[in-house]
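Please read the structure below before turning to the comments.
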Amino acid sequence: MISTRALWTLARAGNLRARVRANREGVTAIRLHLAGAAVDTGLLDSLAAGPATVGDLARRMAVEDEVLLTAFVRVVASAGLVRGQDGGSWELTAHGRAVVDDDLVRAAYQAFPGFHTGLYRDLRKQLAGGPPRRDVVEQGALIARISAGFQPFVLGRLTGSVAEHRARRVLDIGCGAGLQLAAMLEAAPEAVGVGIDADADTAALAEQTLRDRKLDGRAAVLRADLREAAQERSGPLAEPFDFVVLANVVYYVPADERGTLLRDVASLLAPGGMLFLVTSVAAPQLFSRHFDLLLRAQEGRMELPDTGELLAQLAGAGFDPAQPRPLAPGAPVVTLTAVRTG
């Protein structure tokens, strides 16, 4: 039992509420990084096939230090990802199984202990003149995987717009894992489509999505930078499109180059064609501010767009834009449609 005197001393020393909060958030941070390590080391995957002893795990994971591995397994068990006992077998819990089986859960445990918090671990060096980050370049496939969490909110609006517009040729710029391109083709059975992404690993994910859904015969995926491909206008981009998706791309382009990007998009659309745009926007919420900082820390002068400025750039590029619609209450993510004039 803690004595009354000790409790009183603790309550009067410093800011008790702030101390409790700091410790609670510290434990949360440990749990987050622990789960990330359980993925990155291969521990959870090694238990996916069934129970295993520490010796079995050491062989599967190519680990030499079994004493350290035992301590690691114990702490992973204390977090509820595995269960078992020293000297016996260990197995996944329901929580651990979810990390293995649900790719969005897995991606979250890779991204948040990785580049999302790595930003702050390295920020002092970068503020002192250190090199910019390269998360967007080096973690493209992981970013595409974690962005898939927004898809259920986006796809309803997207497929409704495709069907209403009676699209026959659709283009997904920065197609990511190909989920939006697949959804458009399923919503418009007579349409053909093209996806384009500059990241080779991400484009490969899109191709796999199309194959899995048996849509690869109606679509092509290009590994290219849109701004270069739009100038060439060859191959799958030779004919104009009547529906284009630009999702989670705008903020990767420097603000003073976005007008050029949007004019390139307009050049790929037939007159009267529709642009469906999805983007996070600058807002006072914590994650919006964090995401803007993460972008600004990258090489390439990235930043979240201001809504008013984005609408003006769309109009200047030859679009008639509708007002943005929040994706969910309080979320700094919006969708908007814009029709190419002329």
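Residue count for region 217-250 under the criterion of being over 23 Å from Arg168 (Cα atoms) and open to solvent by less than 10 Å² (accessible area, probe 1.4 Å): the result is 1. Applying the condition of being of a type in the set (A, V, I, L, M) and surrounded by 10 or more Cβ atoms within 10 Å (Cβ to Cβ) to region 12-26 and asking which residue is modelled with the highest pLDDT yields Ala22. Gly178 versus (1) buried (at least 24 other Cβ atoms within 10 Å of the Cβ); (2) at negative phi: which is the lone unmet condition? Here Gly178 meets the rest and fails (2). Taking (1) among the acidic types (Asp, Glu); (2) free of Cβ contacts under 8 Å to residues at least 24 places away in the same chain; (3) in contact with a Pro (Cβ under 6 Å, 6 or more places away or on another chain) in turn, Glu299 satisfies each apart from (2). The residue that is modelled with the lowest pLDDT, counting only those in region 35-55 that are open to solvent by 50 Å² or more (accessible area, probe 1.4 Å) and of a type outside the set (Ser, Thr, Tyr), is Ala49. Residue under question is Leu179, and the condition is that it be of a type outside the set (S, T, N, Q), at pLDDT 95 or above and in contact with a helix residue (DSSP H, G or I) (Cβ under 8 Å, 6 or more places away or on another chain); does it hold? For Leu179, the condition - of a type outside the set (S, T, N, Q), at pLDDT 95 or above and in contact with a helix residue (DSSP H, G or I) (Cβ under 8 Å, 6 or more places away or on another chain) - is not met. Residue count for region 130-169 under the criterion of being among the charged types (D, E, K, R), buried (at least 17 other Cβ atoms within 10 Å of the Cβ) and in a helix (DSSP H, G or I): the result is 2. Looking at region 199-216, which of the residues that are closer than 17 Å to Leu179 by Cβ and in contact with a strand residue (DSSP E or B) (Cβ under 6 Å, 6 or more places away or on another chain) is surrounded by the most Cβ atoms within 10 Å (Cβ to Cβ)? Filtering first and then ranking leaves Ala206. Those strands (runs of 3 or more DSSP E) of region 219-312 in which 1 or more residues are hydroxyl-bearing (Ser, Thr, Tyr) occupy 269-280.
Out of region 17-67, which residues are touching a strand residue (DSSP E or B) at 6+ places or on another chain (Cβ under 9 Å), among the hydroxyl-bearing types (Ser, Thr, Tyr) and closer than 23 Å to Ala98 by Cβ? The answer is Ser46, and nothing else.
The values are calculated or read from the model by the stated rules, or taken from the named source; none is laboratory data. Just so it is clear, the model here is predicted, and its values are computed rather than measured. A quick note on method: Cβ atoms are made from the backbone with ideal geometry, for glycine too, and the neighbour counts reach across all protein chains shown. We work out accessible area using only protein heavy atoms, side chains counted, and drop any ligands, DNA or RNA first. Shrake-Rupley method; radii C 1.70, N 1.55, O 1.52, S 1.80 Å.
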